[in-house]
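**Q** Please see the structure below; I have some questions.
The values are calculated or read from the model by the stated rules, or taken from the named source; none is laboratory data. All values reported here derive from a predicted model rather than from experimental measurement. Glycine gets a Cβ as well: all are built from the backbone with ideal geometry, and neighbour counts include every protein chain shown.
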Amino acid sequence: MRSSGEFTRAVRGGRRAGRRTVVLHALVPGSSAADRPETIGPTAVAPARIGFVVSRAVGPAVVRNRVKRRLRHIARDWTDQFPAGSLVVLRANPPAGGATWTELRDDAESARSRLSRQRTPTGGRSSARTRG
RNA sequence: CGAGCCGGACGGGCGGCCGCGUCGGGCGGGGUGACCCGCCCGCCGAGGAAAGUCCGGACUCCACAGGGCAGGGUGGUGGGUAACGCCCACCCGGGGUGACCCGCGGGACAGUGCCACAGAGAACAGACCGCCCGUCCGGACGGUCACCGACCGUCCGGACGGGCAAGGGUGAAACGGUGGUGUAAGAGACCACCAGCGUGCCGGGUGACCGGUGCGGCUCGGUAAACCCCACCCGGAGCAAGGCCAGACAGGGAGCGUUCGAGGGCUGCCCGCCCGAGCUCCCGGGUAGGCCGCUGGAGGGCGCCGGUGACGGCGUCCCGAGAUGGAUGGCCGCCGCCGAUCCCGGGUGACCGGGACCGGCACAGGAUCCGGCUUACAGUCCGGCUCGUCCG
């Protein structure tokens, strides 16, 4: 995600799951009439898109860049974990600057499984645990 | 060997797997086209401070970048440089035994302001204690008169009048210092030397200034990161500069004005100059996308020459980030350095050598590009120099 409008819509209109180091927002299309899936071409639907928010409260530039790179690494395979057209925002809390790699990964994956499990289209809850 | 001063360099290394960004090549796709997208392969991919954004430039636009006032900056001298508030050398002042270090280092007889507390007195200053002289009072001792008492002399204490500023004490600072003459006691009151101020001459230096010598009045505080004065410098904005393209919409109303000039620009004002037919406000609507600028430059390494040096000249070789929600992340192996624990060997011992395992390895991330400054920083290496001790 690149535009600030998309970030605002995802953070304000989406579901939220908070952990110590990160907060995850996910806006899934179809939940309301205003959030129709964006279309590219006549039939294809855009895949889920992800954005990151790392504020100055996390730390100086070196720390912020490292946190953002780690979050990007974690979220590499998340596009097929959310329905097409979803807007997903992964935001870092201030403790993320001092967290280790495993702490950050576990928090982010925990938040993701919480949101993506409840949004499985078939309603099945056992098949959503695809972590690892 | 110990303590220390100055300068310079580095700031983890090698390798494997997955992933990311630019560029080049290949294949495929979209589009009339400019161009864009996907996959594969290859090369490359953060710093000495990339930081703070404090100075100086290059570059871009403002027509030229004019004069005065205001404003800002700099402040020993000479040089280096594209330029600087930077660097080098020297001068002066201060500190250190020394190598060296520190200095926002013009002007306080152009003017104005301010100097707290303490202290007697703080800027044409002042007399608390004190020193000296005189008068008076009291006391002690001695002398004279045969005694009480009186008078005279010496000493002590007090009051009053006057002289003094040497000594004590206060302070960051007390209107020169030392010695002498002088005096009732004293004082640049006078004398010698010294310090300081002003001024003349001689010598050295491009210069700041230094050395020597004569004269003068005798001493004349500090603060200009207080106003101010003097000299010199400074046009404004900044890569979101600026340029090209694509795309979209929808206009309506009011006011001022078209050479008798609205409105702009040149800095804040004035003068002077230039552009000039649109400009301002209200209501309503649309867009905020792409490309260029964009990285080879006052660039770096080495050698020679000039210069005390900063630096300059010549020759030769090398150049391998250009993102735009902003590319460096994840996992692993070996080595290096530091710290704790344990084991083995040597030694009476401080300790030395070897091994195992655990933990740690700083400060910090480009955004137009350079030259500086400042600040942060685990640790390592190199060179030069000083002082002390011991040995020869």
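**Q** Looking only at segment A:45-69, filter to residues that are β-branched (V, I, T) and within 15 Å of the chain's Cα centre (by Cα); which one of those is nearest to RNA strand B (Cβ to nearest atom)?
**A** Looking only at segment A:45-69, we keep the residues that are β-branched (V, I, T), and these are A:45, A:50, A:53-54, A:58, A:62-63, A:67.
Next, from what is left, pick out any that are within 15 Å of the chain's Cα centre (by Cα): A:50, A:53-54, A:67.
Working: A:I50: 9, A:V53: 5, A:V54: 8, A:V67: 9 Å.
Among those residues, the one meeting the criterion is A:V53.
**Q** Which one of these is more than 14 Å from RNA strand B (Cβ to nearest atom) and at pLDDT 75 or above: A:L87, A:L24, A:L115?
**A** A:L115
Per-residue answers, yes or no, for (1) modelled with pLDDT of 85 or more; (2) among the basic types (K, R); (3) surrounded by fewer than 17 Cβ atoms within 10 Å (Cβ to Cβ); (4) within 20 Å of A:R19 (Cβ to Cβ):
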| residue | (1), (2), (3), (4) |
| --- | --- |
| A:V45 | no, no, yes, no |
| A:V54 | yes, no, no, yes |
| A:R64 | yes, yes, no, yes |
| A:R72 | yes, yes, yes, yes |
| A:D77 | no, no, yes, yes |
| A:A92 | yes, no, no, yes |
| A:P95 | yes, no, yes, yes |
| A:D107 | yes, no, no, yes |
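**Q** I would also like to ask the following. Among what's in segment A:83-119 and is of a type in the set (A, V, I, L, M, F, W, C) and more than 10 Å from the chain's Cα centre (by Cα), pick the residue that is nearest to A:G59 (Cα to Cα). Let's see the steps before the verdict.
**A** Keep residues of segment A:83-119 that are of a type in the set (A, V, I, L, M, F, W, C), which gives A:84, A:87-90, A:92, A:96, A:99, A:101, A:104, A:108, A:111, A:115.
Narrowing the set further to residues that are more than 10 Å from the chain's Cα centre (by Cα) leaves A:84, A:92, A:96, A:99, A:101, A:104.
Numbers: A:A84: 34, A:A92: 11, A:A96: 9, A:A99: 12, A:W101: 16, A:L104: 15 Å.
Taking the candidates together, the pick is A:A96.
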